[in-house]
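Taking it in order: structure first as structure tokens, then the write-up.
The values are calculated or read from the model by the stated rules, or taken from the named source; none is laboratory data. The structure displayed is predicted, hence computed values, not measured ones. Cβ placement follows ideal geometry from the backbone for every residue including glycine, while neighbour counts extend to all protein chains displayed. For the accessible areas, the whole protein counts, side chains as well, though only heavy atoms, and no ligand, DNA or RNA atoms are used. Shrake-Rupley method; radii C 1.70, N 1.55, O 1.52, S 1.80 Å.
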Amino acid sequence: MVGKVVDETKLVMLYEDHSVFEENPELLTDTPSRKDGIDARTENQLRVYGCELIQEAGILLRMHQTAMATGQIIFHRFYYRISMAKCDVRAVAKAALMLASKVEEEPRKAQDILNVFHASAMHRRGQRIEPQQVGTARYFELKKELFDAESAILRELGFIVHAEHAHKFVLYYIHVLFQSCDFPSSLAQQAWAYANDSYRTTLCVQFRPKVLACAAIYLAARQLGVRLPEGEVGAWWELFDCDRDPIMAVSTGILGLYQLPKAKWVNVRGDAKAESAEKDKEKKPDSKSSEAAGVGGEAMAALAAALAAEKGLIKTDE
């Protein structure tokens, strides 16, 4: 993954991932997967797919949202180091969540991780959910795959698996903005949902957590028609040391997520056996598959148009 002008030490993601991409923007497009012939659309689809697996499994394991977000960040970081053609996203998703459970002090056993991912896979294929058979050759194969993926993540990331999240800023920023004034509880709930969805994309490693939080609040306020207080000097986001352009970029990226088809596993490793065993035969996807499920159809189109107008992409009459 190392280019001539990129110091390899910078590719071990730091506590603030965004600083790596600000200094080396080419890393966003010149990924190991692209070098192995995987197109951008497929790579993005597999990133979303892996993050959705982590989210679903984390919910089944009753983990806190911050643990799931840490797992998704670890997942994204790893694939800026290693190609998807070399490491299956399903195995990496399991390992990322198990690592995150340790980092966030919510440890889960390997057997529990394997069980919930097994149940999630059967549900996605529309099959009756049956328990994972413990003690079989297949079970030990999956367990070894999990530990191998965990070791690969730790090795490639240099054991830097901690992360800072946007979630801790969302509620705090809303309380600061409204101070003693009442605000609809739906604003906080919707902003939290938008923050969750941002971790399905690489936005969570491209931008600072506080920018993600501001974008989540901005989108929630626009969707619900809530007027955000203006500061005495400038825009409300300046109070939190954020600029307009990154917030608009994150907002556009989150809305773009809802326009994508349901993410599916794609065999990019040329493993015929795996494709035969795990071929997706998913049920018809629910149109409300994202966290911010309320944004759909006409509502999403209206919100996207409003955002485009604010960015200056569409001229509107006064």
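For segment 88-132, report the accessible area per residue in Å² (1.4 Å probe, heavy atoms, rounded to an integer).
Accessible area per residue, segment 88-132: 44 Å².
Based on a Kirkwood Rh over C-alpha pairs, give the Stokes-Einstein translational diffusion coefficient of segment 191-248 at 4 °C and viscosity 1.567 mPa s in µm²/s.
This corresponds to a translational diffusion coefficient of 110 µm²/s.
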Which pairs, out of K102/K168; K35/K86; K102/K144; K86/K262; K94/K262; K109/K168, put more than 22 Å between their alpha-carbon atoms? K86/K262; K109/K168
If the viscosity is 1.002 mPa s and the temperature 20 °C, what translational diffusion coefficient in µm²/s does Stokes-Einstein give for segment 158-228 when Rh comes from Kirkwood over Cα pairs? 171 µm²/s
Separation in nanometres of the label points that stand 7 Å from Cα toward Cβ, at L154 and Q259: 4.2 nm
Ignoring ligands, DNA and RNA, please state the percent of accessible area on segment 32-188 from carbon and sulfur, probe 1.4 Å. 53 percent
Solvent-accessible heavy-atom area per residue, rounded to whole Å², over segment 147-208 at 1.4 Å: 44 Å²
Taking every other residue with Cβ under 12 Å from the Cβ of A149 and scoring Lys and Arg +1, Asp and Glu -1, one gets +1
HN-Hα J couplings of segment 261-268 from phi, Karplus 6.51/-1.76/1.60, θ = phi - 60°, integer Hz, Gly and Pro as x? x, 4, 5, 10, 6, 10, 7, 9
So how do 216-224, 62-70 stack up, highest first, on mean other-Cβ count within 10 Å? 216-224, 62-70
Magnitude of the Cβ-charge dipole (Lys and Arg +1, Asp and Glu -1) of segment 66-166 about the Cα centre, nearest 20 debye, reported as 360 debye
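Within 10 Å, Cβ to Cβ, of H64, how many net charges do the neighbouring residues add up to if Lys/Arg are +1 and Asp/Glu are -1?
In short, -2.
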Suppose R0 equals 51 Å. What FRET efficiency, 1/(1 + (r/R0)^6) with r the Cβ-Cβ distance, do K86 and Q179 give to the nearest 0.05? 0.50
Highest mean first, what order results for 144-154, 241-251, 33-43, 188-198 on Cβ atoms within 10 Å? 188-198, 241-251, 144-154, 33-43
Could you calculate the FRET efficiency of L239 with H162 from 1/(1 + (r/R0)^6), where r is the beta carbon distance between them and R0 is 35 Å, rounded to 0.05? 0.85
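Roughly speaking, what is the stretch gain from A40 to Y139, that is 0.36 nm per residue apart minus the C-alpha to C-alpha distance, in nm to one decimal?
Computed gain between A40 and Y139 is 32.3 nm.
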